[in-house]
Every structure is written in structure tokens, then in C-alpha cells.
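For reference, the structure is listed below as C-alpha cells.
All of the numbers you see were taken from the coordinates with simple rules; none came from a lab. Please read all numbers here as calculations on a predicted model, not as lab measurements. Glycine gets a Cβ as well: all are built from the backbone with ideal geometry, and neighbour counts include every protein chain shown.
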Amino acid sequence: MHRLFALTAAALALAPSALAGGPNPAGFQGGVGAVLPGGDVRYVTLDANGNTSLAVIGRKDGAIRKTLPLFGSWGLPRIGADAVNSSLSRDGRTLVLAQTEVTRPSTFSVVDAKTLRVRQTVMLPGTFAFDALSPNGKKLYLVQYVGDQGRYYVRVYDLVEDRLLPGRIADRTQKSWLMAGFASARTSTSDGRWVYTLYVNPGGYPFVHALDTVRGVARCTGIPWEGDADAPWQMRLALRDGGHRLAVTWVNGGTFVSMDTRTWKVSHAQPGGFPVVWVGIGAGAAIAFLAGWIVFRRRPPRPLRVAAEAP
């Protein structure tokens, strides 16, 4: 299993996005596409002889209800190992597409998901990747890759004013924090306001980047891990207790740690998944019992004593 995730990480290292970590700057075609929780349609980008067809497909019947032809090769951004798509705003009105090849300037197409019309095209010098959308689709959050040291910043593009806002979105409580790593898992609150992304950080702790897409503030919290460097690739995120607790889980469902989303305090959970620790303890106890039983069986028999009869 570790070998599998090592190969996955190696494959990511070959992708343009992995040169600086973070999300992948390129869009992807096909697959499940973008869909709202409980929504009755999904948005899928399909290749059309080198160009693109954005299709609206019914979730129940699989019928194509509407299509939008696009010049060039466009796809849906993906975040993490589960290919979570966050480019459809929670109000269901805005859909962001990225080019399937990393280009400079970085270009994004903003589509009205209701009318299926291109609303605007965002072009930015340098290399940017889609990160998140505000619930109302007015703020587009992007990752900007800087330098060649695996560093990147989170920026915000105001889709109403059609401009990249100055400054960067960072954890103000940790001014020295430099984001570096690979986006490996993601989840968000039911209203789409808070977006939580788990980053695997080779050579350091994995961390959770919590982004408030309404206020434009962020919080980075390190996840204590000192084991196999490939193991964090098996971690996933899940919100519990009405969104007040973020669980860092394993692929098989066991919980590693939990984070209070109000205080950002991280606490260790009970061992989850396959109970290696308890199995080890149980096996040790069983071996000790067996060894004691063998020693007992090999002891010479005690002489039989007969109680004297009463006079």
C-alpha cells in the first residue's frame, strides 16, 4: 500500500503543478464532473476534436440536457486524491473552468451555470491554479506559484470588479508560515463557506488549510505525524458534529486526529481502522500466556498428599 502511494506521489511530481505543490493548475475532462449536494444535474467537460463541450447531464437518467461549445481545451479543476471539484458555487450559478494544459498567462473561463453562457474570461500573468469559490460566486480564490522552491500563495480575484485583489490570503497568526506541499484531500461546510484542504508536506508535517471564502481569511494547522512519509497520502477529511469538528481520517475510515473548527485545537482520537496497536498488545498477551502455560506443563508433578483420617 505504501508503495502504491509512493508511486502516486512520484506521478504527481511529474505534473506541472507538482513542481510547486498545491492544487493542479490544469483542468480535467470527463469523470463525475461538478455537482451540488442534492443537485439533479452535473456539469461535465468533454473533448470535442480538440475543442470542448460543456454538458449538463441529468443525475438520474444520464440524459444530456444542454451543451455549451467552447473553443480550446477546457476542463474542471480537481482538488486532492478524491478529485473533489469545488468550482461550482454553492448557489449553483457560477462554474469555473481551467485550461487542460498549463499556460502562461493562466486563463480561466467563468460560466453562468443557469444560462450556460460564458460570463467572463480571467487572464493572469504567471502560473495560477483554481482553489475555491465563495458561496455566491463573487470571489474566486486562486493559488499563485512563486519561485522554484515549492512555494505558493492564496490570492483572491473579485469577479464582480473583474480584478485580482492585492495581497495574499494567509494565516495572520503565523506570519512566518510558507505554504508548501501537495493538496491531497478536501471537504467543505454545507453552506460552502469554509473549505478545508489537507496538504501533504514532504519533509514536514501535513497541515490543514482552512479558508473562509466569505471573509477571505485562512488558518493553517499542522497535523502531528512522525511515521511513514507516504502514510499521509492515505488521510482524508470529514466534518462532524454539525461542522464543529474536522476529522482527519484514514482511507479505511479510522480517525487519526480531530480538530475543533472553533478553537483549531487538535486532539488525538482513538486508534481507528485496523487496530494494529491493540492487536499487537493482544498478541503479546497471548504469547505471554502461552509461554506461561508451556512452562506450567513442563514442571514436574508435585507428590500426592493424602489427608489423614480423623481418629
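Sorted from fewest to most neighbouring beta carbons within 10 Å, what does the list V102, V195 look like?
Details: V102 18, V195 23.
With the fewest neighbours first, V102, V195 line up as V102, V195.
Of all aspartates and glutamates in the structure, those lying under 12 Å Cα to Cα from K139, and not within fewer than 8 positions of it along the same chain, are D131, D158, E161, D162, D212.
Subtracting the Cα-Cα distance from 0.36 nm times the residue separation, let me have the gained length for R93 to L36 in nm, one decimal.
Details: separation 57, 0.36 × 57 = 20.52 nm, distance 1.07 nm.
Full extension from R93 to L36 adds 19.5 nm.
Modelled label positions at T103 and A231, each set 7 Å beyond Cα in the direction of Cβ, lie 4.4 nm from each other. One decimal place: the segment W250-D112 gains 46.0 nm when fully extended, by the rule 0.36 nm per residue minus the C-alpha distance.
Using the number of other C-beta atoms within 10 angstrom as an exposure proxy, rank T127, T213, T45, T255 with the fewest first.
Numbers: T127 21, T213 29, T45 26, T255 18.
Going from sparsest to densest Cβ surroundings: T255, T127, T45, T213.
Note on A238 and D191: their simple-model spin labels are 2.5 nm apart, each label 7 Å out from Cα toward Cβ.
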